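Where a number appears in this text, it was derived from the coordinates with a stated rule and is not lab data. Just so it is clear, the structure is predicted and the values come from calculations on it, not from any experiment. All Cβ positions, glycine included, derive from the backbone under ideal geometry; neighbour counts span all protein chains shown.
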Amino acid sequence: MSGVFRLAGRGRIDPSRPVAFRFDGRLIRGYAGDTVASALLAEGRHLMGRSFKYHRPRGPVSAGSDEPNALIGVGEGGRYTPNLRATQVEIHDGLVAVSQNRAPSLRFDIGALNTLAAPLLPAGFYYKTFMWPRGFWDKVYEPLIRRAAGLGRAPEAPDPDHYALHYAHCDVLVAGGGPAGLAAALAAGRMGARVILCDENAEFGGSLLADAYSRIDGLTAMDWVARMVAELERLPNVQLLTRCSAFHYGPHNMVALNQRLTDHLAMPPADMPRERIWQVRAREVVLAAGALERALVFEGNDRPGIMLASAARTYLHRYGVACGRKAVVVTADDAAYRVALDLAEAGVKIAAIADLRPVPGGTLVEAARARGIRILPATTIQRAHGHLRVTGAELAPVGEGGAVGKGRAVACDLVLMSGGFTPSLHLHSQARGALRFDDALGVYLPGEAIERVRSAGACRGVFALDAVLRDGVAAGLAAAGGENGPEWRVTRQDAPGTGGFAGALPRRGPGHLALAFVDFQNDVTAKDVKLAVREGFRSIEHVKRYTTTGMATDQGKGSNVNALAIVSNVLGRRPEEIGLTTYRPPYTPVTFGAFAGHARGDQFDPLRLPPMDGWARARGAVFEDVGQWRRARYFPRAGEDMAAAVARECRAVRSAAGIFDASTLGKIEVAGPDAAEFMNRFYVNAWTKLGVGKCRYGLVCRDSGFVYDDGVVGRIAADRFHVTTTTGGAAGVLNMMEDYLQTEWADLDVWLTSVTEQWAVIALQGPRAREILAPLVDGLDISAASMPHMTLREGSIGGVPMRLFRVSFTGELGYEINVPSGQARAVWDRVWQAGAACGLTPYGTEAMHVLRAEKGYLIVGQETDGTMTPGDVGCGWAVSKVKPDFIGKRALALPAMNAPDRLQMVGVLTDDPLSMLEEGMQLVAAAHIPAPTSAEGHVTSSYFSPALGRSIALAMVKGGRGRMGTGLYAPCLDGPPLKVTLVDPVFYDPEGARLNG
Amino acid sequence: MVEIAEGCTLDSLPPMIRLVLQGRAAALDAAAGALGLDAVPPLLRAASGAGGQALRLGPFELMILPALGSRAGLDAALAALPHSLVDVSDRHVGFVLEGARAADILAGLCPLDFAPSSFPVGMVTRTLLDKAGAAIWRTGAQTFHIEVWRSFAPYVEAQLREVGRGISFSLLSV
Amino acid sequence: MLLIDCPYCGPRAEIEFAYGGEAHIVRPAADVSEAEWEAFLYLRDNTKGVLAERWRHSHGCGRFFNALRDTRTDRFLAFYEIGTPRPETGEAA
């Protein structure tokens, strides 16, 4: 067996399968089943990391997910993961692990000088000290502190793995696979319930994996576990998940699990997800989360070689590792005596058991005595000696009244501490269950639950094994709705005993310089917590934030109760009067990859492609994202930049014809006998008199009177309207229509159907548009006389059904050809070919914007911001004066909505025709006004107009329509303010002669 | 047939006629009659008649997949009743996902419970496939007909493939 | 993620729904006073306790409906159709 501290014949590792990995570059040998921590401990090595603030040398305190100290980085390149707990990382051949927060090496760390300065670095030190000079914080102090503090570095390469998500449903979710969880899962599983049992460890068993003493039905605890797991595996209605942490308890019993699939494998299959998030919706949840042993708070309690007693037992029985040769045990309860007995039996010398209780007694104590172990009652540990490894403990008697006498040094290389067990309440608390303080146990226990959840076993303060099994069965039966469950006879077990300690251990002397750690990971000492209380922090939530205790990646698993007890002692108030900090998810850290799941890269969000996307891509278009849509922005020719391409596209539309994919426009078919009445109530416009075959510009307000959306509406039939919306407003308008229809006007016989993706829209715009289109439309007469501006016709184009709108968003003669989207590309190709001889040019969204701005057409969401009335944006003409009601009518009559100084849409011209305003620029009254000042308005759209040969802009200006011809100034960040003049927003063809051509 | 996971295929359906009928009970009854159904299918259930298939997606809504050339019968049956009948054939793209892992793959994108007891053959509903709206119709124990809006089809197809890639490595038993 | 029992489709995950704000807000006629219109637009109770609220099963049947939810616990007490009165639950609002 490799590793001088490995004990042959013990542990659950597989001695026939040696495994080699690297830690800080050095080759380490272990066995299948080892963790990084157990393999290093087998070599006698406790030093595994450096602390966050003082760079103190640290070793593992625990053997599980509560580990605060032994945090390591694992993997290389894009697979590098920082801050993993060495106590949980399973080794495999080729694993590469490194220690963190040290330079140049773990044994010699220059940052450890911080520990000498520790008296100068109390709680709140940064807040108090680095206040002056003010400018130094960003540039000097913070970078220095950030470099010195911290844990692992973030990976720099892209993550090459993929991650999965799975929604699951079950009758009973059991979180935790120790004795209570196994019993609950089996009880529910035998009832036929759909059961999911998860455990964060590589194998089920929990505390039983480190229990060599107990016997159940005559079996060792581990053999009993194997029998339970075997039966559960045979049940088809039970899903077993190991390496799977329940980390978040959401409303209505939705619990998130994080399953780690590949990290323990040397050669994972190529397509295997690295992790999978399970979103489990459970009818009932059983929490069997167990309890965590508490550390003791004394000077030097963070030296490598000082650990929880239960951890040493786990390393012994699960990994076959002795954590030292000579141990001092410091305890306030009976459980540590079993650890001492097990270690002694395995050959570890127990130098002494220091028991904080004045008169320890009971079978375990007697057993230890009988074995000849020296027991020191009413004894505390004054301090631990050593640097990179503990070398001794100073044990001191505690007299009546708590006075601590002179101590004596005991040499050792291992100090085991036990302050009793803290039930794991995290998930119960995340589920917003109440907590109650139990005086007998001196800990918080789960109180009344809100969700359908129950706790079982140690996580609700039940510790004796026989009681735990009964509790688990009862919880499983109650969750599955059964009465008769399995029974097992515990034939040998330890009595749980009494005791426990929380807070800082009593000590001799004031201890001004003593570093007794409460929160190992965040380097928070007892002194820091006391100082916070002395400085006036009374709420435990404030103490937490001021000292950062409990705020590290372990979420205060081992530290919260000790911090609470210290505050309680200083304030002289009972713990339940002080309360507990809120438990927050995740229970243990979860990688970003797991959270992202399938939603990464191109698949992060749906990318919606309009029907002519392929054509545009083949033409070399440059695209822009418009919501989820990807739209062609412009079509550059060789050597053209955006400005040149857009100018050419604009000129083509004004002089010949342009073709544009407008398919993303929202479209809604409003049909039914009451369609016109619905339109009257919904839009500000009047619809009754709109004839079949006619179109009208429609404007939607909210009941607040503010513009919500706009679009052209065509009347297909007396009882049928073809409504268009903005691209971004499509879903919102439909939802708002359904809202009023279903909840206000349920009497109307009218129905709404989204046809956005049924109809593709090919916009054909320009003076030659009719000439191109006329031969294609299967005999339809589209002459100016028969089909004037703002009309529509149903027909066909090359045999493809068509709704043809004569409408224009460019100011030119124009058509929007609506065809079924599955055939749109073929129609587009035909129009394109037909237009070749007429100079037909494809244009993108950028030219579309320029052309509409030249005409002063607003874009909802660009000119408007949710506080603009129709009148503000020059559309007061659209608002019906005669309708008895419509959405927004009452609000539009409010005096404030008609105030003369409201922002109104105007055109803006810079005095220098080549100067460009920027969208969002403020407009002010004078060239030089000292800030702060209030703006007269702001620029909403700004372009270079090819038609005018100069820059143009639209703006919202206070009382703007009454200020035509007057000047304002646009302050610039990088130069003198630009002088501008307010003008009519219609820059081009104000008579509309081209439109009606 | 495109295999996206062991024993699981994903295929695009050819174009088909899809109509959305909305109206009150009388209109839905009339449509059911025209399709040769005894009655309007219950909520979230599909039914098949000589005139085509009807999918009851909402209390006042049927999606109708008419047998070829049978729209005229529908129009005639509905003529006297208030209703809205809209052709959305091109709005959608259809897929068929089939195989032993089909339900598991859907469960990677959708929070519905696809256990046969909760989602039996013949059930149809709109829901979400990750971030895209979709209608899912269980046409067989291991066969699902999926309808999505046309522009979401590439996204949904890629998501189904991505889930399929990892699905063989899970033991999903409940 | 809440589990919401659509009156038409049964229990579904929250992501299929859109929230619709407080229920039973009556839209007044267009001739009410400014103060009444302002109250309709902007004044809400922000209830701590049982709140009647609107939901739309937007990624399902598309229907709006009402629910009673305890805002302290997120527990739903009732789901009911638009146009029907708020059910009696015996719990204080």
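For this structure, a couple of remarks:
- Here the calculated FRET efficiency for A:Arg617 and A:Asp271, from their Cβ-Cβ distance with R0 = 30 Å, stands at 0.50, rounded to the nearest 0.05.
- For the stretch A:609-649, a Kirkwood radius taken over Cα pairs fed into Stokes-Einstein (10 °C, viscosity 1.306 mPa s) yields D = 150 µm²/s.
- For the stretch C:59-82 and the stretch A:701-752, distance of Cα centres in Å: 25
- Exceeding the 23 Å Cα-Cα cut-off - candidates A:Lys855/A:Lys883; A:Lys53/A:Lys326; A:Lys667/A:Lys889; A:Lys694/A:Lys881; A:Lys855/A:Lys889; A:Lys881/A:Lys958: A:Lys855/A:Lys883; A:Lys53/A:Lys326; A:Lys667/A:Lys889; A:Lys855/A:Lys889; A:Lys881/A:Lys958
- Spin-label pair A:Ser880/A:Ala785, simplified geometry with 7 Å Cα→Cβ offset, distance in nm: 3.4
- Of the Cα atoms belonging to the stretch A:298-349, the radius of gyration and Dmax stand at 10.6, 30 Å.
- Annotation for the stretch C:34-55 versus the stretch A:89-122: alpha-carbon center distance of 56 Å.
- Placing a pseudo-label 7 Å from each Cα along the Cα-to-Cβ vector at B:Leu13 and C:Arg27 gives an inter-label distance of 3.6 nm.
- Average silhouette area of the stretch A:343-445, convex hull of alpha-carbon atoms, in square nanometres: 9.6
- Viscosity 0.890 mPa s, temperature 25 °C, Stokes-Einstein D of the stretch A:291-397 from Kirkwood C-alpha radius, µm²/s: 177
- Under 19 Å from a label point set 7 Å out along the Cα-to-Cβ vector of A:Val96, the amide N atoms of the stretch A:62-76 belong to A:72-76.
- Two-decimal Rg to Rh for the stretch A:899-997 - Kirkwood Rh, Cα set: 1.00
- Extension gain, B:Ser117 back to B:Val2 (0.36 nm per residue minus Cα-Cα distance, nm): 38.6 nm
- With the convex hull drawn around the C-alpha atoms of the stretch A:848-945, the volume per residue stands at 133 Å³.
- Over the residues of chain A, the helix contribution to mean residue ellipticity at 222 nm works out to -6000 deg cm²/dmol, using -39500 (n - 2.57) for each DSSP H run of at least 4.
- Cα radius of gyration and Dmax for the stretch C:3-81 (Å): 14.2, 41
- For the stretch A:607-705, the alpha-carbon radius of gyration amounts to 1.50 times the rule-of-thumb value 2.2 N^0.38 Å expected for a compact globular protein.
- Taken one residue at a time, the phi angles of the stretch A:555-572 give Karplus couplings (6.51, -1.76, 1.60, θ = phi - 60°) of 6, x, 3, x, 10, 4, 5, 5, 4, 4, 5, 5, 4, 4, 5, 5, 7, x Hz. Gly and Pro are set to x.
- Relative to the 2.2 N^0.38 Å rule of thumb, the protein assembly as shown has a C-alpha radius of gyration ratio of 1.10.
- Between A:Lys694 and A:Asp912, full extension at 0.36 nm per residue minus the direct alpha carbon distance yields a gain of 74.2 nm.
- Average projected area [Cα convex hull, chain B], square nanometres: 9.8
- When the Cα convex hull of the stretch A:226-293 is projected onto planes of every orientation, the mean area is 7.0 nm².
- Computed label-point distance, nm, for sites A:Asp625 and A:Asp989 using a 7 Å Cα→Cβ extension: 3.5
- Taking 0.36 nm per residue of separation and subtracting the Cα-Cα distance, full extension of the segment from A:Ala837 to A:Thr391 would add 151.2 nm.
- Compactness of the stretch A:510-588, taken as the C-alpha radius of gyration over 2.2 N^0.38 Å, stands at 1.02.
- Across the stretch A:14-117 the C-alpha pair distances fall into 5 Å bins from zero in the proportions 3, 14, 24, 25, 19, 10, 4, 2, 1, 0 percent.
- Both the radius of gyration and Dmax for the stretch B:19-87 are 10.1, 27 Å, in that order, over alpha-carbon atoms.
- Computed over the stretch A:666-755, the alpha-carbon pair-distance distribution with 5 angstrom bins reads 3, 15, 29, 29, 18, 5, 0, each value a whole percent.
- Computed E for A:Ile450/A:Arg538 - FRET, C-beta separation, R0 25 angstrom, nearest 0.05: 0.35
- With pairing defined as another cysteine C-beta under 4.7 Å, the cysteines of chain A that fail it are A:Cys170, A:Cys323, A:Cys412, A:Cys459, A:Cys650, A:Cys695, A:Cys701, A:Cys838, A:Cys875, A:Cys972.
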